[in-house]
Amino acid sequence: MTVMKITWKSIFPSCYKGDDNYQSPKPNKVVSSPPKTTKPDGSSSRISVTDLSFPTKTLSEDLSISLAGSNLHVFTLAELKIITQGFSSSNFLGEGGFGPVHKGFIDDNLRPDLKAQPVAVKLLDLDGSQGHKEWLTEVVFLGQLRHPHLVNLIGYCCEEEHRLLVYEYLPRRSLENQLFRRYSGSLPWSTRMKIAVGAAKGLAFLHEAQKPVIYRDFKASNILLDSDYSAKLSDFGLAKDGPEGDNTHVSTRVMGTQGYAAPEYVMTGHLTSMSDVYSFGVVLLELLTGRRSVEKGRPQREQNLVEWARPYLNDSRKLSRIMDPRLDGQYSDIGAKKAAALAYLCLSQRPKSRPTMTTVVKTLEPLQDCNDIPIGPFVYTVPSDNGEGNKDAKESDAPKERKNENGGHHHHRSHHHSNGHRHHHPLRSPKTSNSKLQNDIHQNGSSGFTSADTSFASEGQGTKV
């Protein structure tokens with residue numbers, strides 16, 4: 001069989017400087033008739049990055065053919081400057097491994113077939129840890145995969161060296177931002193379980209597709225939240241197609257974030273859906289404890305969350321020692337034990353001992369409705385004679401239930417931006433036995449072992465593995 005070596009420049013010549021025939025692409029939308037085998041759920045007809053093999057075509061032509069029926073918009077750089085007010089610093093939302101993200105707004109006059117809406121525009125940093133391949137991977141995957149718990153990719157832009165992605169805007173930002181912020185209220189228990197269920201459903205959708213996807217970079221910063229705290233998976237730049245046929249794994253260079261990557265993947269480069277399950281277990285542990293996966297500022301034995309906390313997960317008598325103190329005991333005891341038992345299995349050193357994500361969803365869904373959350377006291381301010389509130393507050397004996405849903409005073413609605421970010425010029429770089437609970441949710445996975453390249457890289461805001 002003849003193998004032809006193809007470079008990114010040969011596939012997308014119009015995306016690179018030095019092309020004498022380059023012209024700025026006209027605004028368009030990928031609306032061609034879908035291929036006969038295309039299915040909306042990301043099934044076996046879904047194309048892969050390796051399927052893009054039109055070296056004589058421009059990027060717009062190539063993706064328009066390959067992603068026909070996806071309804072992705074192809075934006076010009078000039079349009080995105082208008083949307084973001086010239087990538088104004090006042091619209092800066094944050095920055096990850098891909099590059100800076102700015103908020104923008106699409107009005108009714110930009111595109112007649114695109115509704116007015118706020119958006120998030122992500123610009124590839126050419127000096128960052130990701131590049132054109134990750135950008136293209138994200139376009140290919142999110143251009144075809146649609147699910148309530150995956151972030152919605154609206155469109156993209158590729159002009160010369162500039163690579164940009166346009167997403168729906170999610171006002172609550174990421175789970176990392178909500179869970180680990182220091183100077184505001186803690187996420188209530190019921191909200192944490194809602195987020196866990198949503199994220200689990202997103203992973204289950206990817207794993208159960210007829211052409212499975214391994215997400216490979218599941219972590220708190222990649223779980224975005226809408227106004228109702230519904231979780232959506234974002235950042236698909238490291239996603240990989242799952243093993244096909246008789247293959248049990250995908251051999252690949254190790255990419256990910258320290259503290260989240262499965263140990264067998266780090267050691268061998270063998271990637272399976274069970275790698276995602278392990279990463280989910282880390283995030284579930286973060287939700288239980290309120291701690292990050294890695295915290296260098298803690299005592300040595302507590303710096304790695306999994307190593308420190310996992311021994312407590314299967315001992316219901318000691319579980320309270322690792323629960324997030326900011327919850328102040330306001331959580332379901334039954335739900336915490338079941339979630340801990342599930343996390344224990346997800347974090348197993350043996351991939352085959354981990355549950356599938358479908359099993360994870362079935363285990364977590366009932367935990368959203370646990371009614372054994374303690375009723376705590378509340379602080380009542382006694383009014384003075386002049387009608388003003390007394391500065392002294394008394395603790396009332398009358399009970400007040402903490403809200404079980406996602407509103408109320410438990411959610412601080414302001415969003416704080418980090419002052420320590422590296423802000424690039426926007427266009428420089430474009431009491432139940434836990435053993436019984438574990439038996440209830442136990443499912444076998446699969447894994448395989450062959451030689452693989454085990455070089456390391458870090459993504460997002462994590463540190464090098």
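The values are calculated or read from the model by the stated rules, or taken from the named source; none is laboratory data. These figures come from a predicted structure and were not determined experimentally. Counting neighbours? That spans all protein chains shown, and the Cβs are built from the backbone with ideal geometry, glycine included.
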Report, ordered by the first and then the second residue, all pairs with beta carbons closer than 6 Å, sequence separation of six or more or different chains, a first member in the stretch 219-239 that is β-branched (Val, Ile, Thr), and a second member that is in a helix (DSSP H, G or I). Ile223/Leu175; Ile223/Ala199
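If you check Leu206 against the conditions, is it more than 21 Å from Glu286 (Cα to Cα), assigned to a helix (DSSP H, G or I), in contact with a strand residue (DSSP E or B) (Cβ under 6 Å, 6 or more places away or on another chain) and not charged (D, E, K, R)?
On the way: more than 21 Å from Glu286 (Cα to Cα): yes; assigned to a helix (DSSP H, G or I): yes; in contact with a strand residue (DSSP E or B) (Cβ under 6 Å, 6 or more places away or on another chain): yes; not charged (D, E, K, R): yes.
Yes.
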Scan the stretch 133-142 and give yes if some residue there is under 30 Å from Pro366 (Cα atoms), modelled with pLDDT under 95 and either outside the structural domain of Gly290 (by TED's automatic domain parsing) or in contact with a strand residue (DSSP E or B) (Cβ under 9 Å, 6 or more places away or on another chain) (or both), otherwise no. yes
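Can you confirm whether the stretch 74-82 contains a residue that is assigned to a strand (DSSP E or B) and either modelled with pLDDT under 90 or of a type in the set (Asp, Glu) (or both)?
Of the stretch 74-82, the ones assigned to a strand (DSSP E or B) are 74.
So of that shortlist, the ones also either modelled with pLDDT under 90 or of a type in the set (Asp, Glu) (or both) come out as 74.
Yes, the stretch 74-82 contains at least one residue that is assigned to a strand (DSSP E or B) and either modelled with pLDDT under 90 or of a type in the set (Asp, Glu) (or both).
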Scanning the stretch 353-376 for residues that are charged (D, E, K, R) and modelled with pLDDT under 95, the one farthest from Met323 (Cα to Cα) turns out to be Asp369
Residues that are farther than 20 Å from Lys338 by Cβ and touching a strand residue (DSSP E or B) at 6+ places or on another chain (Cβ under 8 Å), drawn from the stretch 281-323: Ser293, Val294, Gln303, Asn304
Given the options Thr248, Thr272, name the one that is among the polar types (S, T, N, Q) and more than 15 Å from Leu206 (Cβ to Cβ). Thr248
Looking at (1) assigned by TED's automatic domain parsing to the domain that holds Gly290; (2) buried (at least 24 other Cβ atoms within 10 Å of the Cβ), which is the only condition Arg163 fails? (1)
Looking only at the stretch 171-194, count how many residues are surrounded by fewer than 20 Cβ atoms within 10 Å (Cβ to Cβ), of a type outside the set (D, E, K, R) and assigned to a loop (DSSP other than H, G, I, E, B). 4
Kindly provide the set of residues from the stretch 152-166 that are within 27 Å of Met357 (Cα to Cα) and in contact with a Gly (Cβ under 9 Å, 6 or more places away or on another chain), ordered by number. Leu153
Out of all the residues in the stretch 238-250, is one or more touching a helix residue (DSSP H, G or I) at 6+ places or on another chain (Cβ under 6 Å), within 20 Å of Leu345 (Cα to Cα) and either charged (D, E, K, R) or crowded, with 21+ Cβ neighbours inside 10 Å (or both)? no
Quick one: Lys115 ticks every box in (1) basic (Lys, Arg); (2) buried (at least 17 other Cβ atoms within 10 Å of the Cβ); (3) modelled with pLDDT under 90 except a single one, so which number is it? (2)
